[in-house]
Structures are given as structure tokens and as C-alpha cells.
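The values are calculated or read from the model by the stated rules, or taken from the named source; none is laboratory data. What you see is a predicted model, and the numbers here were worked out from it, not measured in a lab. Here the Cβ positions follow ideal geometry from the backbone for every residue, glycine too, while neighbour counts run over all protein chains shown.
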Amino acid sequence: MELKEIKGIGINTIKYLNDLGIYNINDLINYYPFRYEILENTDINNLKDGDKIVIGGVCENKPNVFHISRKLNKMSFRLNTGKFLCNVTIFNRAFLKQKLDINTQITVIGKYDQKHNSIIASDIKFGLIKETIIDPIYHSSFKISSSKISKIIKSILNDVSVEDYIPNEINKKYSFINKNEAVKIIHNPKDQQSLENALTKLKYEELFLFMLRINYLKKYQKKIPGLKRKVSYEDVLNFINSLTFKLTPDQEKAVKEIYQDLISPNRMNRLLQGDVGSGKTIISFISLYINYLSGYQGALMAPTEILAIQHYNNLKKLIPNINVVLLTGKLKAKEKTEIKKQIQNGEANIIIGTHALITDDVNYYNLGLVITDEQHRFGVNQRGNLKNKGITPDILYMSATPIPRTYALTLYGDMDISSIKTMPSGRKPVKTYVKSSKEITETLYMMLDQIKKGHQIYVVTPLIEKSDKIDLENVYQLEEKMKKAFGKICTVGVMHGKMSGIEKDKIMNEFKEGKIKILISTTVIEVGVDVANATMIVIFDSFRFGLSALHQLRGRVGRNDLESYCILISDKETKRLDILTKTNDGFKVSEEDFKLRGSGDIFGIKQSGNMNFKLADIKKDYELLLTAKKDSEEFLNSEEFKNNPKVKQLITKSTNLN
């Protein structure tokens with residue numbers, strides 16, 4: 001059946017459904033409600049001003065419509081409930097006037113205004129409610145309402161059949177209801193218990209299939225043969241002992257895990273996660289050195305040119321006897337040609353760069369290790385393009401965004417994970433304060449104190465330009481204020497995402513060199529260079545950021561043994577922000593962020609296609625997720641999986657096995 005075959009659907013309705021991503025019957029039947037409204041007649045005897053009201057009655061008069069503007073109209077009429085009369089007002093429903101004749105039976109849903117004995121209605125339903133109704137609410141548009149979508153879906157529920165992907169044994173084990181029945185209930189629930197049963201069934205299926213994909217991918221990758229390496233751990237220890245500092249216990253553990261991966265017969269697929277400034281970079285350098293000792297080339301891809309240059313310079317100092325090259329998009333054509341030649345003929349031992357590392361004309365001699373720094377900044381395809389440059393290079397992803405166990409289980413469930421929680425010695429915790437906009441004078445004096453000491457300051461705002469709708473500080477307003485306060489004693493610079501790469505690099509380099517003392521910026525500084533002299537960051541309208549994002553920004557300072565400060569300016573959500581004043585532990589911050597914000601876009605960067613659940617919520621349904629994880633692992637090793645082509649095809653089709 002196609003959409004055009006559904007009775008009562010015309011060309012325009014099909015177009016409106018297409019706008020919502022509904023192109024066929026399967027899309028329609030899987031377009032689940034995002035919430036439900038419980039409708040039951042309100043007890044008017046206990047009604048208070050402002051209460052929600054659901055009440056039935058008849059129209060006492062033909063409605064009057066007032067057109068306030070081209071896009072706004074107001075309709076009013078009197079409702080007779082049989083016990084009292086009241087006025088009803090509803091906005092942008094003028095099209096209902098023709099149906100609302102005198103004595104028409106309706107149910108009005110809205111808020112009760114006791115003073116004026118009136119109802120400001122949010123919806124009007126035809127007919128009287130005689131028993132509790134669970135009304136599904138769908139994401140809709142101005143052109144097609146939730147009720148219209150509901151009506152279309154209900155009209156086809158008895159004519160469609162859906163595939164149940166949960167194995168029979170699991171369905172029996174948990175007494176899950178039939179999937180066809182679950183889909184019918186979720187779109188047309190009769191009572192709360194059956195709705196809960198239907199939701200559990202469909203949520204479980206989503207989580208089961210997701211974990212099945214993750215575990216299948218992990219199992220598949222374990223079988224991928226790795227490169228043959230013979231490297232003595234004694235040589236690795238000699239290199240570590242030559243460093244001017246001692247590794248932390250977590251760093252030592254991570255090195256051992258990576259070493260074991262590199263000498264194992266299987267391909268490494270590991271995530272190295274750690275807090276800002278925890279020392280992940282040196283682990284990546286040691287990994288590149290181990291790879292070099294085994295005779296293979298190594299590549300490290302950074303998200304920005306500034307960061308790539310920083311890695312290049314640090315690695316050259318650390319291992320001067322190895323040919324380390326830098327490849328970025330801004331090099332001159334002649335330089336690029338020479339470096340690409342060295343990469344292709346094997347003269348280049350380690351290649352540091354940006355996206356330029358994955359262009360088609362870059363050919364590696366024998367790429368053995370691929371490292372992506374701040375890996376969540378790269379798309380799945382970009383990471384894949386680099387790892388496909390070699391035959392079967394080992395893969396190490398690095399992330400400075402500590403991930404809660406819950407999130408790591410799903411997002412990176414196909415990887416082995418190394419975590420660095422202990423900070424290098426000598427690092428002082430960043431002192432964090434939450435201040436209101438009324439305390440700005442105190443903040444300015446704190447900034448002045450740092451400037452007098454010869455230190456530098458970041459000033460961050462969430463907006464670039466002034467918005468009429470949102471009253472927040474912006475870059476240019478702050479520049480004016482900071483120049484007024486400090487312009488006579490130091491240089492103030494501005495940087496934001498709408499600048500070209502060349503402009504941003506110029507400003508950032510001037511800040512790094514100390515020419516700019518106060519840098520006003522948007523969040524583009526979240527991933528940046530180490531500026532050891534930067535000892536303060538002031539973040540305006542900090543309530544606009546998630547805790548993890550604020551922690552990342554805070555990590556721009558305190559990268560030395562100097563006392564450093566983070567000032568969060570906010571008049572809202574100060575209780576949430578107080579969490580940052582109590583801990584500098586990114587893992588704890590991330591856990592709190594997860595509790596507050598759920599499985600949404602915690603890091604401010606959308607993860608491509610990994611969390612597209614229609615019903616399940618990783619935080620709320622965590623126990624169900626753990627059950628699905630365990631069941632999927634058992635199912636993968638069962639005969640039923642081998643003999644279930646539909647599920648196997650679904651898994652392999654949606655899993656990137658490159």
C-alpha cells in the first residue's frame with residue numbers, strides 16, 4: 001500500500017507528510033507519538049484559577065472570530081456544561097467555526113480563568129468524553145495537525161503488518177506482546193497498562209537491535225587480522241624513562257593496553273579518553289613511537305591546524321631523530337608536493353595533519369597506526385577515510401570529553417576503552433565561581449589582578465551578534481566593554497566561528513605569543529592550543545551551555561602550575577552550575593550532565609546516526625538497555641542467529657564494517 005492509496009489523503013496531505021519525513025506506509029506506521037495526553041472530565045467543584053480543565057458541553061452560540069493579524073486569529077463562544085456557562089477563547093482555530101453550530105457537543109481542553117469565568121483553550125474535540133481517553137500527540141507542522149496524523153494512522157492500523165525482530169525465545173522469556181498489537185496500541189491506546197506493555201516491547205526492540213549491531217561489529221572487528229609487530233617493551237620503557245616527567249598510573253596503564261593491542265594478532269580499535277589536561281597527547285606520541293619501532297608509518301589527525309602544528313612541534317622536540325612531517329591544507333603547493341612524496345616513498349615516519357591527511361592524492365607507504373585527536377569532532381566518514389588509507393592499520397581515537405559509563409556503553413560499545421582519570425603532578429585545580437551579572441564589577445577587578453600579573457584571559461559568549469529575541473551578551477558588545485575597561489593597559493582580541501580559518505589562526509597565534517592579553521571568543525576556543533600563560537576564563541550567559549561543554553571551556557586554563565580561575569556569569573540555573581564549583585573531575589561533571597540532560601547531545605556535537613531512537617531513552621531505560629545488551633550477546637552466539645537471515649541482514653546492512 002502507498003500513501004496515495006489511503007482513503008481521504010490527497011496530494012497536499014502527502015506533501016505535508018513528506019515534509020515530516022513520511023514517504024511510505026512504513027514511515028507512517030513508525031511515526032510514533034512523542035507524548036500522550038490523558039483526557040478525563042475535570043471535577044469542577046475543586047477547580048482553581050489556572051488549573052488545566054477538560055470539560056464537555058454544548059455551544060450556546062455561533063462563535064465569533066477576530067483576525068488580530070494575518071497569521072493570528074481568535075475565536076470565542078459560550079460553553080454550556082449543564083452545570084454552568086463559561087466563555088471559551090481559542091487562537092488560530094477559525095477553521096472550526098463552520099462545524100461549531102449551536103448545540104454541537106464538544107470537549108474543551110485548556111486553562112481555567114476563575115476571575116473571568118472563562119477557558120483559554122488549547123484544543124477542542126468534537127463529542128463528549130464519557131471515559132478516560134489517552135490521546136497520542138505527534139510532532140506536527142503548521143500545515144498538518146497532530147490529530148490529522150493520528151486519524152490517518154488509525155485508518156490503516158488494521159491493514160498493515162510489521163516485522164518482529166525480537167527472537168522468539170526472548171519474546172517468550174519476557175512475555176512480550178505481539179509487535180503488531182504493540183504498534184496498534186501505541187497509536188491507539190485504550191488504557192495505561194496496555195500502553196506501558198506496548199512501549200516496553202518497542203523500546204526493547206530498539207535497544208536490542210542497537211546493541212546487536214554494536215556487539216556484532218565488535219565481534220567482527222576482533223577477527224580482523226592486525227599487522228605483525230615485534231617490539232620489545234623494554235625499548236618502550238627506555239623511551240618513557242627518557243621523558244622529563246613521570247607518567248601517572250593511569251597513563252602507564254593506557255600505554256600497556258595500547259602496547260598489547262599493537263603486538264596482538266588482531267586490529268586495535270581503542271578509545272583513549274581522559275579529562276582536559278590529563279596527558280592523552282603524550283600517550284599518543286608513545287603509541288606512534290611503538291608503531292615506528294615496528295617499521296610502520298603513523299598518522300595523527302587533529303581537528304584544527306593550530307592543534308596539528310602544536311602536536312608537530314612537540315613531537316619533533318620529543319623524538320628529534322625521527323622524520324616527522326606536517327600536512328595541512330594551508331601549505332604552499334610546492335611544500336605539499338614534497339611532503340606527499342615523502343609519505344608515499346616511506347621517508348616520512350610520522351605524519352601530523354588535519355583533514356588534508358585523507359585527501360585522495362595522499363598515498364601512504366605502509367600506514368600502520370591511525371590516531372584521531374578529539375575524535376568526536378570528525379564525522380564517521382572522515383575517520384573511516386583515514387583508517388582505510390592503510391591495509392589494516394590499528395586505530396586509536398582520543399577524546400577529551402570524559403564519557404559516562406552509560407553513554408560509553410552505547411556510543412563506543414564496539415571499542416576497547418582506556419581512561420585517564422589521574423592528573424599529572426603539578427597541576428592545580430581551576431578555582432570556579434558562579435557570579436550574577438550584578439557582580440560584574442567584582443569580576444572585572446579579578447581580571448585586572450591577572451592582567452597586572454602579566455597573565456592572559458579568555459572571555460567567552462554564546463552569541464556572535466545581537467539577537468532581538470534573546471537578550472544575551474555577544475562578542476562585539478563584550479569587545480566594546482572590555483576595551484572600555486582594559487583598552488588602555490592591554491590588547492583585546494576577538495575570535496568567532498564566522499571568521500575564516502586564516503583570521504582565526506592569526507588571532508590565536510597572537511594570543512599564544514602574548515600579543516593579545518584578553519581574547520573574546522565564542523566556543524571555537526574549546527579545542528585549541530595550550531596557552532600556559534592563560535590563567536582565567538570568564539564565560540558569560542553560562543546557563544546556555546551544558547556542564548560538559550563548560551568543563552571543556554574551563555580546560556583552556558590551568559594548563560600550568562599557576563593558580564587559575566573560571567568565572568561563570570549567569571542569572572539563571574545557578575544551582576546546576578554550582579556543580580562545577582565543587583569538582584574539577586570531568587568524569588563526575590559528565591555523569592551529572594548526563595543525569596540532567598539525558599542521552600541527548602551532551603557534548604554539543606551530534607554523533608552521526610548512533611542515537612536515533614524513536615522511543616527509547618538511554619538514561620530512563622538504562623536497565624532495559626543492560627538487559628538488551630546481555631541478550632544480544634547471547635543471541636549472537638546462538639544457532640537462532642545463524643538461522644535468522646532477516647535479523648542478520650538487518651544488522652549487517654546497517655553496520656559499517658570498513
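Here the range 479-510 is the region considered, the condition is being farther than 20 Å from T461 by Cβ and among the aliphatic types (A, V, I, L, M), and the residue that is modelled with the lowest pLDDT is I502. Considering the range 70-79, the residues that are out of contact with any helix residue (DSSP H, G or I) (no Cβ under 8 Å at 6 or more places or on another chain) and outside any loop (DSSP other than H, G, I, E, B) include one that is surrounded by the fewest Cβ atoms within 10 Å (Cβ to Cβ), namely L72. Among the residues of the range 56-75, the ones that are small (G, A, S) and either closer than 21 Å to Q105 by Cβ or not assigned by TED's automatic domain parsing to the domain that holds N87 (or both) come to 2 in all.
Name every residue in the range 21-66 that is without any contact (Cβ under 8 Å) to a residue 40 or more places away in the chain, among the charged types (D, E, K, R) and either loosely packed, with under 14 Cβ neighbours inside 10 Å or in contact with a His (Cβ under 7 Å, 6 or more places away or on another chain) (or both), in order of residue number. The one that is without any contact (Cβ under 8 Å) to a residue 40 or more places away in the chain, among the charged types (D, E, K, R) and either loosely packed, with under 14 Cβ neighbours inside 10 Å or in contact with a His (Cβ under 7 Å, 6 or more places away or on another chain) (or both): D43.
Of the residues making up the range 19-66, those that are under 21 Å from S145 (Cα atoms) and either in a helix (DSSP H, G or I) or over 41 Å from the mean Cα position of the chain (by Cα) (or both) are D19, I25, N26, D27, L28, I29, V65. Checked against (1) at pLDDT 85 or above; (2) touching a Phe, Trp or Tyr at 6+ places or on another chain (Cβ under 7 Å); (3) surrounded by 15 or more Cβ atoms within 10 Å (Cβ to Cβ), T581 passes all but condition (3). Taking F511, is it under 21 Å from N474 (Cα atoms) and surrounded by 22 or more Cβ atoms within 10 Å (Cβ to Cβ)? The answer is yes for F511. Evaluating Q607 against the criteria (1) polar (S, T, N, Q); (2) modelled with pLDDT under 80; (3) touching a Ser or Thr at 6+ places or on another chain (Cβ under 8 Å) leaves one unmet condition, (3). With respect to the conditions (1) assigned to a loop (DSSP other than H, G, I, E, B); (2) at pLDDT 90 or above, G82 lacks only one, and its number is (2). Restricting attention to the range 421-439, the residues being part of a loop (DSSP other than H, G, I, E, B) and more than 15 Å from V276 (Cα to Cα) number 1. State all residues of the range 553-568 that are under 25 Å from the mean Cα position of the chain (by Cα) and either modelled with pLDDT under 95 or not aliphatic (A, V, I, L, M) (or both); if no residue qualifies, say none. Answer for the range 553-568, where residues must be under 25 Å from the mean Cα position of the chain (by Cα) and either modelled with pLDDT under 95 or not aliphatic (A, V, I, L, M) (or both): L553, R554, G555, R556, V557, C566. Filtered by the rule that a residue be surrounded by fewer than 18 Cβ atoms within 10 Å (Cβ to Cβ) and in contact (Cβ under 8 Å) with a residue 60 or more places away in the chain, the range 103-124 gives K111, D113, Q114, K115. In the range 474-490, the residues that are under 17 Å from I569 (Cβ atoms) reach residues that are part of a helix (DSSP H, G or I) and aliphatic (A, V, I, L, M) with C-beta atoms within less than 7 angstrom, at least six apart or across chains, in these pairs: A485/L444; F486/I451.
Conditions tested, residue by residue: (1) surrounded by 15 or more Cβ atoms within 10 Å (Cβ to Cβ); (2) touching an Asp or Glu at 6+ places or on another chain (Cβ under 7 Å); (3) without any contact (Cβ under 8 Å) to a residue 40 or more places away in the chain; (4) not β-branched (V, I, T).
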site	(1), (2), (3), (4)
R213	yes, no, no, yes
Y216	yes, no, no, yes
E234	no, no, yes, yes
F239	yes, no, no, yes
T244	no, no, yes, no
E257	yes, no, no, yes
Q260	no, no, yes, yes
R267	yes, yes, no, yes
V276	yes, no, no, no
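Residues that are within 19 Å of D416 (Cβ to Cβ) and within 30 Å of the chain's Cα centre (by Cα) number at least 3 in the following helices (runs of 4 or more DSSP H) confined to the range 218-305: 249-263, 280-293. With respect to Y476, is the statement that it is assigned to a helix (DSSP H, G or I), at pLDDT 80 or above, surrounded by fewer than 13 Cβ atoms within 10 Å (Cβ to Cβ) and not assigned by TED's automatic domain parsing to the domain that holds L396 true? Considered against the rule, which asks whether it is assigned to a helix (DSSP H, G or I), at pLDDT 80 or above, surrounded by fewer than 13 Cβ atoms within 10 Å (Cβ to Cβ) and not assigned by TED's automatic domain parsing to the domain that holds L396, Y476 comes out as no. All conditions in (1) at pLDDT below 90; (2) polar (S, T, N, Q); (3) in contact with a Pro (Cβ under 9 Å, 6 or more places away or on another chain) hold for Q114, with the sole exception of (3). Scan the range 139-182 residue by residue and report those that are more than 26 Å from F126 (Cα to Cα) and of a type in the set (S, T, N, Q). If the condition is that a residue be more than 26 Å from F126 (Cα to Cα) and of a type in the set (S, T, N, Q), then S161, N168, N171, S175, N178, N180 are the ones that fit. Answer yes if at least one residue in the range 511-530 is assigned to a helix (DSSP H, G or I), in the same structural domain as P462 (by TED's automatic domain parsing) and at pLDDT 85 or above, and no otherwise. Within the range 511-530, one or more residues are assigned to a helix (DSSP H, G or I), in the same structural domain as P462 (by TED's automatic domain parsing) and at pLDDT 85 or above.
One residue alone among L444, L396 is modelled with pLDDT of 65 or more and assigned by TED's automatic domain parsing to the domain that holds K575, and that residue is L444. Of the residues making up the range 85-101, those that are surrounded by 12 or more Cβ atoms within 10 Å (Cβ to Cβ) and either part of a helix (DSSP H, G or I) or of a type in the set (V, I, T) (or both) are V88, T89, I90, A94, L96, K97, K99.
To keep it simple, each residue is scored yes or no on (1) part of a loop (DSSP other than H, G, I, E, B); (2) without any contact (Cβ under 8 Å) to a residue 24 or more places away in the chain; (3) charged (D, E, K, R).
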| residue | (1), (2), (3) |
| --- | --- |
| E131 | yes, no, yes |
| D135 | no, no, yes |
| H139 | yes, no, no |
| I144 | yes, no, no |
| I149 | no, no, no |
| I153 | no, no, no |
| I156 | no, no, no |
| E163 | yes, no, yes |
| E169 | no, no, yes |
